[in-house]
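Written below as structure tokens is the structure these notes are about.
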């Protein structure tokens, strides 16, 4: 790049940043001057009926297919009815105003305890002046017995944000012990579809714990509670468009489920809810987390939320524009964020699950749009949102949905990509049913309704399967593609996609076709080089086992993200060697190049310890993503990347390069320490041999990771390191 082009690029970035600052300042002034409730929706009401399949017969069938599902859903719903939540390592706590929290990392904050009244007078002191009248009007729609949830509190540390602060002015991530993800996670409202499903089971006579209307009333009250105390654009729960998008998707799904079950809400709620859906869609559209290069799962979630909201809103020029734009962007992001082999570009197996789940539900939505909404795609529209740059969305070709007469804007390649995503998940699943934990794990999901891992964990988020058993994604993809499923949640997803008659065949056996990387000549050459390396420049690690380790050995290579898997009935080994993630940003990558995850005879011999936490404890965040936490080549106390750039920034870190992968073993290298460092792995009949070496006389040290407590999911630590 020439000096002139660099200067031009810098000028464009400065101009873009200035334009965003001016636009945000204008929006802030406008919000303070006129309020943000208003009559946001030009056409009141929602297009419902996508869950009309929730008949007593259907619910009885999925309950019999998946024994224990009713109990799981009803038990979870009972906690939600009492406002008890267990999120991100919080433990089961009742979230309310004035609650006393346990604290985080020895730090605890005391939240205020307002005098809450049924008339809403207490809102005068917490809602900005232009929104107070509407907030109080909506608050008065709540049932008198309802006890409010404190949506602004980090209910781990006790720190609380303020309802009257505009989202663009709110700071987070810089206060010790405070985790903004906690209120965000609760405000995603992912518990509302659970309440709706519990209502379905109750109405079908499959549960006698509560009546259908009790669950429906709680959904209504929680939504009204949120709307009244979170004016559009104000408070911490409008800071991240991703969370706004996930929230609106879960709200409209829960609402549609209840409407399909025959629940009728009062007109005042219907108006408030439709306006709120519109406000959510507009907020996402105005705050898309788009970047020309560094966009990832956040933008993908933005698009999916916009799809759900716009598809449910009544026809209008604005909603039609959102639907067309989001559909085109979804298909483009599938190509951008996923490699041809199905792996995701964020260098994280758990973010692969999140992003794949977002794509899966978005595809299910688009495959079963009502005919009148499909008309939107027959004409071109112009996207005029602030981001991405303005563009013309041309008319879309509609394709037949395989096995059905219905049409969909999705191309066949989208389904091929989903199948490949499930193949990647299958490949990185260990013998114990848990995935390899390469990269970050924030336990993030899009829509869940009692999935496989939740049943295995008996509804306990601290269970190791809760975040690391990803078989529900595979089951969901299989059900979506028309294959047989005995998983209740996947059957609901398939029916939502319009598949009420899945093909009675088992899930396809997913085997990645391996084309050997490198040549035998390279392998032999480096065997000799490793043998000649001076003692200070080589470290050998042997994992011994009884003979027969190589019997029925299979290999799978995912060169897109950089993951290489060898397995046999007694062995599982995955090697991380590839891209940093998100086009070099590395927001969710760890210092794990050439790291291994190894199981022999059902026992973990080398394992990534997980992620544990983000901004609430910067020291622990860096410890768990450092090379010291991984079984990876070491050079003294050096890190192969600069952890000081930021908690979500590994720019400049070296990619891993696979030089050989085949039946003989694996050979890779990286330059993270400033010189070439190599790792050669041989799977022999009675051991796995790992040799780390360099060619320039640099010292290579013991790769054994520090002893850290194992973190199976965000905010959770097990009592032992394994």
Please compute the Kirkwood hydrodynamic radius of the range 642-722 from all pairs of different C-alpha atoms, in Å with one decimal.
15.7 Å
Cα-based helix-to-principal-axis angle, 56-65 vs the chain, degrees rounded to 10:
20 degrees
Which order do the peptides 357-370, 528-541, 66-79 come out in when sorted by mean C-beta neighbours inside 10 angstrom, highest first?
357-370, 66-79, 528-541
What shape does the range 29-147 have by the C-alpha gyration tensor, where a ≥ b ≥ c are the square roots of the eigenvalues, rounded means a/c under 1.5, and otherwise prolate means a/b greater than b/c and oblate the rest?
oblate
Take the alpha carbon gyration tensor of the range 343-395, find the square roots of its eigenvalues, order them as a ≥ b ≥ c, and report rounded if a/c is under 1.5; if not, report prolate when a/b exceeds b/c, else oblate.
oblate
Longest principal axis of the chain (C-alpha) makes with the long axis of helix 69-81 (C-alpha) an angle, in degrees to the nearest 10, of 60 degrees
Listed with the fewest Cβ neighbours within 10 Å leading, 314, 169, 181 appear as 169, 314, 181
Segments 30-37, 576-583 sorted - mean Cβ within 10 Å per residue, highest first
576-583, 30-37
Based on alpha-carbon centroids, what's the gap between the range 592-659 and the range 418-493 in Å, whole number please?
24 Å
Here the Cα Rg-to-2.2 N^0.38 Å ratio for the range 148-288 is 1.10
Counting alpha carbon pairs within less than 8 Å and at least 6 residues apart, what relative contact order, in whole percent, applies to the range 650-699?
25 percent
Note the full-extension length gain between residue 552 and residue 685 as 0.36 nm times their separation in residues minus their Cα-Cα distance, in nm to one decimal.
46.8 nm
Using a Förster distance of 45 Å, how high is the FRET efficiency between residue 719 and residue 399, based on the Cβ-Cβ distance and rounded to 0.05?
0.30
Ranked by Cβ crowding within 10 angstrom, fewest neighbours first, how are 102, 136 ordered?
102, 136
Please give the length that would be gained between residue 384 and residue 544 if that part of the chain were fully extended, namely 0.36 nm times their separation in residues minus their C-alpha to C-alpha distance (nm, one decimal).
51.4 nm
Simple spin-label estimate for residue 65/residue 21, 7 Å along Cα→Cβ, in nm, reads 5.5 nm
For the chain, longest principal axis from Cα atoms; helix 267-286 axis from its Cα atoms; angle between them, nearest 10 degrees, is 40 degrees
Cut-off is 10 Å between beta-carbons; in what order do 83, 463, 280 appear when sorted fewest neighbours first?
463, 83, 280
With labels modelled as points extended 7 Å from the Cα through the Cβ direction, what inter-label distance (nm, one decimal) is found for residue 110 paired with residue 335?
5.9 nm
How high is the relative contact order of the range 520-694, in percent, with contacts defined as C-alpha pairs under 8 Å that are six or more residues apart?
25 percent
Let me know the shape class of the range 75-218, please: from the alpha-carbon gyration tensor, a ≥ b ≥ c as square roots of the eigenvalues, rounded when a/c is under 1.5, otherwise prolate if a/b is greater than b/c, or oblate.
oblate
Residues in the range 679-722 near a label at residue 536, defined as backbone nitrogen under 11 Å from the 7 Å Cα→Cβ point?
697-700
So what is the relative contact order for the chain, in percent, with contacts set as C-alpha pairs under 8 Å and at least six apart?
12 percent
For the chain, Kirkwood radius (reciprocal of mean inverse C-alpha pair distance, Å):
26.8 Å
Placing each pseudo-label 7 Å from Cα in the direction of the beta carbon, residue 516 and residue 52 end up separated by a distance in nanometres of 5.8 nm
Please give the FRET efficiency for residue 213 paired with residue 525, using the beta carbon to beta carbon distance and R0 = 45 Å, rounded to the nearest 0.05.
0.05
Which FRET efficiency value, to the nearest 0.05, do you get for residue 618 and residue 34 by plugging their Cβ-Cβ distance into 1/(1 + (r/R0)^6) with R0 = 41 Å?
0.55
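Laboratory data are not the source of any read-out in this text; all were calculated from the coordinates shown. On a predicted model such as this, the values are computed, not experimentally measured, just so you know. Neighbour counts run over all protein chains shown; Cβ positions are idealised from the backbone, glycine included.
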